[in-house]
Amino acid sequence: MAKHVCPWWLAYTFDNPLRRIFHKPEEIFSPYLTDGMTAIDLGCGMGYFSISMAKMVGGTGRIISVDLQQKMLETLKKRAQKAGVSNRITTLLCDENSIGIHEEVDFALAFWMAHETPDECTFLTQVHAILKKSGKLLLAEPRGHVTGAEFKKTVSLAQEAGFQPIDSPVISLSHAALFEKR
């Protein structure tokens, strides 16, 4: 793979209860998720956001959690079971060139992971293809690891893929943009 992917064991350093100090999923996603929605968590890691999202979409909603590393998905399954939301989460092992899903979703999350894809343009085009009309993509990248200029380039690539930027939400430690499928 052309770009560095965070190893599964390193995820424990930032995917833990202390993360709630900086990233409160209910605050981040409440404007975008409602009961019954289908959402995708791209590069879901060990499920920090997937589990909270599953609670937010309710019993009739669904979260598709996609990751490149099987170990991440195995940990997510255990955590989802413990949280009582495993029936709302479908895990999917993708490969570096394809997210591996073709069904439509209402909302897509790409949190601190787009910079790890080997081809951001292809990645964003695939995300655009699975979003319903007027579906939303929340893209966040880590400040300090991804520069402002690099994030602007990613935003431009999202626009080239067919996304319309509609907001710049404030997310701690992150560059962030909210897009809508045109």
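Evaluated with a Cβ-only charge set (Lys, Arg +1; Asp, Glu -1), segment 137-181 carries a dipole of roughly 80 debye about its Cα centre, given to the nearest 20.
Once the Kirkwood radius over Cα pairs is known for segment 97-182, the Stokes-Einstein relation at 10 °C and 1.306 mPa s delivers a diffusion coefficient of 125 µm²/s. Counting only DSSP beta bridges with both residues in segment 24-181, the antiparallel share comes to about 35 percent. Each of His102 and Glu27 was given a label point 7 Å from its Cα along the Cα-to-Cβ line. The distance between the two points is 4.1 nm. I want to check the label-to-label distance for Lys132 and His145. Put each point 7 Å from Cα in the C-beta direction and report it in nm to one decimal. Reported label-point gap for Lys132 and His145 is 3.1 nm. Net length available on complete extension from Leu93 to Asp35 is 18.3 nm, with 0.36 nm assigned per residue and the Cα-Cα distance removed.
With a Förster radius of 22 Å applied to the C-beta separation of Lys78 and Cys121, the computed FRET efficiency comes to 0.05. Calculated [222 nm] ellipticity per residue, helices only, for the chain: -8500 deg cm²/dmol; basis is -39500 (n - 2.57) per DSSP H run with n ≥ 4, divided by all residues, nearest 500.
According to the Kirkwood relation over distinct C-alpha pairs, the hydrodynamic radius of the chain is 16.2 Å.
Normalised by the residues of the chain, what does the relative contact order come to in percent, with Cα pairs under 8 Å and at least six apart?
Taking the mean separation of contacting Cα pairs over the length of the chain, I get 19 percent.
Just so you know, all these numbers are worked out from the coordinates, no wet-lab data involved. Just so it is clear, the model here is predicted, and its values are computed rather than measured. Cβ atoms come from the backbone with ideal geometry, glycine included; neighbour counts cover every protein chain shown.
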